[in-house]
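Encoded as structure tokens, the structure appears first; notes follow it.
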Amino acid sequence: MINSLGRTTLLVRDYDEAVAFYRDRLGFEILHDDTTDGQRYLHIGVPGQPGAPPVGLWLLQPAMGDAGLVGRQAGGQPFLVLYTKDCVDTVKRLEGEGVAIHRQPVTVDGATFAHIADLYGNRIVLVEVPQPPAPPPPQPAPSPPGPSVPTTASYTRPFESERSAPAAFLPPPAIDIPASPFVRLRARSVLTQAFFASVVLLLFAQLIPGVSMSKPTDPALFAVFYLGIGLVLLGRGQSARLDFSRLFGPKPTSRTIKLIVVAVPLGLLSLAGFWLLFLPLSYAAPDFVRSWAIENAANQPVDNVSMWIGRTIIAVIVAPLVEEVLFRGFLLHRWALRWGTGTGVVLSSILFALGHVELLGHFLFGVVMCALYLRTRSLWVPIAAHSLNNLVVSVATLPDAFHPNPQDKMTIAYFQSHWWVGASMLVGGLLLLEIYRRWLWKGIDVRGVLNGPTPYEHNSVASRETLDAGYTGSR
């Protein structure tokens with residue numbers, strides 16, 4: 001016969017980082033730690049528990065191919081319930097140490113509870129159980145003339161107390177954590193609807209005088225294109241009950257805004273990636289490189305200042321907002337929910353790169369934007385970095401607005417002979433990126449950030465304003 005509960009499994013990415021969180025922040029202790037035949041057996045538990053052995057957590061790394069289950073093994077529901085003598089004080093202490101608070105303390109029927117998350121995003125319920133009142137002193141009862149018969153109340157009162165106790169320990173359904181909206185926001189349907197919405201709006205835009213598909217660089221066409229995507233994202237988000245305030249996260253602070261200077265080395269590396277990708281191809285398939293890369297990317301004319309202003313507004317304001325919401329907001333979260341954060345970063349960055357002429361630099365750009373979002377929990381930071389990157393490119397094309405010269409076209413021979421330009425940008429971009437890493441990412445585990453919990457999981461309404469760039473889950 002089973003007479004006690006022993007261990008429940010907690011999937012972790014790294015044993016030491018999990019111990020650092022549960023022991024150093026939540027106050028757990030190591031119950032057992034042994035390595036046999038290359039397998040580490042690590043058990044942790046709350047100090048002072050009665051019983052031998054006490055109830056604990058068995059930390060285990062997932063099997064190959066199941067890394068995406070880390071932080072999601074409870075399917076978005078609370079994974080663990082921990083009891084505390086002072087819920088409010090415990091939450092304040094944990095919040096000060098950077099632990100994500102999903103729900104601030106709430107008192108229901110005398111019990112106080114709060115929702116927090118561990119370093120992987122597992123939801124944990126903290127509960128302060130009300131102390132029962134002291135029993136009244138026993139009163140001598142007069143002896144009845146006949147046999148003693150218990151009243152109905154004497155039978156039902158203990159039974160009702162047992163039945164009502166669990167309701168005091170767990171949050172009521174009315175304020176429980178809902179399922180993730182990204183369960184309903186499937187990537188294929190969102191992308192398909194966004195594509196068709198943009199096409200339909202572009203067709204209707206042909207009815208506007210002066211707007212024509214024969215002028216693909218017309219800022220009006222870009223505005224209509226992004227409008228279609230934006231409307232779909234807004235509509236689908238509302239239908240899935242997406243909390244856009246949690247998606248965007250906190251406003252940039254003086255610490256987080258510095259991170260956007262990464263746009264400078266990324267701009268150089270994007271140009272270097274153009275040479276790295278198309279220079280070898282220019283010898284094997286010169287016609288393809290000429291039509292697809294050189295003419296498409298380098299010879300989009302800016303005929304006048306008004307066109308330059310229109311394109312700059314689209315590039316600096318509209319494009320960063322819509323693209324970051326789509327790729328880092330929707331797609332990253334959706335694919336992270338299915339396959340893990342790291343896979344979501346890679347897939348969303350690949351798709352982002354495929355939407356641009358140059359692939360290598362834009363893939364790196366997408367990965368860095370994901371890193372900014374995952375570290376700061378603020379979508380405004382990658383939006384600002386994306387905007388700065390596009391602003392630099394727009395400023396570089398300003399002379400063309402005053403001196404348009406469509407006859408001055410880059411040729412294959414010119415492109416091949418100037419390989420050193422790409423090499424110089426590659427060296428300069430890598431050097432600046434390393435300086436940036438040592439300056440603003442010193443001591444931060446980049447791999448841990450890219451594989452950590454997604455921002456939407458952390459940006460609860462209660463804790464949104466308390467998050468800062470310094471919190472990285474101690475990874």
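When you have a sec, figure out the Kirkwood radius of the range 249-466 from all distinct Cα pair distances and drop it here in Å to one decimal?
It is 18.5 Å.
With an 8 Å Cα cut-off and a minimum separation of 6 or more residues, compute the relative contact order for the range 183-242 in percent.
After rounding, I find 47 percent.
Mind checking the dipole of the range 249-466: about its Cα centre, +1 per Lys or Arg Cβ, -1 per Asp or Glu Cβ, Debye to the nearest 20?
860
Quick check on the exposure proxy: order 370, 87 from fewest to most C-beta atoms within 10 angstrom.
Ranked by crowding around the Cβ, least crowded first: 87, 370.
What do you get when you divide the Cα radius of gyration of the range 1-114 by 2.2 N^0.38 Å, with N the number of residues?
Working it through for the range 1-114, the quotient is 1.18.
At a Förster distance of 30 Å, what's the computed FRET efficiency of residue 83 paired with residue 446, Cβ-Cβ distance as r, to 0.05?
0.25
Which of 260, 2, 116 has the fewest other C-beta atoms within 10 Å, and how do the rest follow up to the most?
Going from least to most buried by this count: 2, 260, 116.
Kindly provide the pair-distance distribution of the range 183-242 built from C-alpha pairs, with 5 Å bins from 0 and whole-percent values in order of increasing distance.
Over the range 183-242, the share of Cα pairs per 5 Å bin runs 4, 19, 26, 19, 13, 9, 6, 3, 0 percent.
With the Cα gyration tensor of the range 226-267 in hand, convert its eigenvalues to equivalent ellipsoid semi-axes via √(5λ) and list them largest first in whole Å.
28, 16, 6
What value does the range 1-46 have for Rg/Rh, both radii from Cα atoms and Rh as Kirkwood defines it?
Rounded to two decimals, Rg/Rh equals 1.02.
Once the dipole of the range 334-429 is set up with Lys and Arg at +1 and Asp and Glu at -1 on Cβ about the Cα centre, which of 362, 390, 341 lies farthest towards its positive end?
Result: 341, furthest along the dipole toward the positive end.
Readers should treat all values here as calculations from the given coordinates under stated rules, not as data from a laboratory. Keep in mind the model is a prediction, meaning the values are calculated, not measured. Heads up, the Cβs are rebuilt from the backbone with ideal geometry, glycines too, and the neighbour counts pull from every protein chain shown.
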